[in-house]
């Protein structure tokens, strides 16, 4: 799996810890989209474009709450970010919604929970033709026609 990760300066240490976690679990290759830009929307949209065009299988974005990067990434056609705060939602983001970008808060959840959420996000897959398919098709169609 090819994974893109980026954050704002506030989340640098959280990003580094997740990179080490991904490597320790052998989830795939990781490309760091940076953390120097104080305008989180810049890294979020750049990463979201790379995921949406298929250069990466999944993306990870982190800011103070995760909300800002999630909103910014959602403006890119083909990018489907999900703010992850609990295990059930992290699984369902993939299984039911086919989300392709996980968003996290550096100040709102701890490192261990972030790792557990990322594990759930990376180890679950959307199953084409499942009962959620018509729902996903509806928002993808809207997204592609906007």
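A few points about this structure:
Per-residue answers, yes or no, for (1) under 11 Å from the mean Cα position of the chain (by Cα); (2) modelled with pLDDT under 95; (3) assigned to a strand (DSSP E or B):
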| site | (1), (2), (3) |
| --- | --- |
| 27 | no, no, no |
| 30 | no, no, yes |
| 38 | no, yes, no |
| 41 | no, no, no |
| 45 | no, no, no |
| 55 | no, no, no |
| 59 | yes, no, yes |
| 65 | no, no, no |
| 77 | no, no, no |
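- Residues of the range 11-29 that are surrounded by fewer than 20 Cβ atoms within 10 Å (Cβ to Cβ), in contact (Cβ under 8 Å) with a residue 12 or more places away in the chain and within 19 Å of residue 123 (Cα to Cα): 17, 19, 21, 25, 27, 28, 29.
- Among the candidates 59, 54, residue that is in contact with a strand residue (DSSP E or B) (Cβ under 9 Å, 6 or more places away or on another chain) and under 24 Å from residue 140 (Cα atoms): 59
- Cβ-Cβ distances below 6 Å connect the following pairs, each with a first residue in the range 47-70 that is farther than 13 Å from residue 103 by Cα, a second residue that is part of a helix (DSSP H, G or I) and at pLDDT 95 or above, and a separation of six or more residues or different chains: 56/50.
- For residue 110, the test of being on the phi > 0 side of the Ramachandran plot and surrounded by fewer than 16 Cβ atoms within 10 Å (Cβ to Cβ) is failed.
- Search result, residues across the range 100-134 that are more than 18 Å from residue 43 (Cβ to Cβ) and assigned to a loop (DSSP other than H, G, I, E, B): 108, 109, 110, 124, 125, 126, 127, 128, 129, 130, 131, 132
- Which numbered condition residue 42 fails, given (1) touching a helix residue (DSSP H, G or I) at 6+ places or on another chain (Cβ under 8 Å); (2) crowded, with 16+ Cβ neighbours inside 10 Å: (1)
- Residues of the range 120-132 satisfying the condition of being crowded, with 17+ Cβ neighbours inside 10 Å and either at pLDDT below 90 or within 15 Å of residue 61 (Cα to Cα) (or both): 121, 122
The values are calculated or read from the model by the stated rules, or taken from the named source; none is laboratory data. Since this is a predicted model, take the numbers as computed values, not measurements. Glycine gets a Cβ as well: all are built from the backbone with ideal geometry, and neighbour counts include every protein chain shown.
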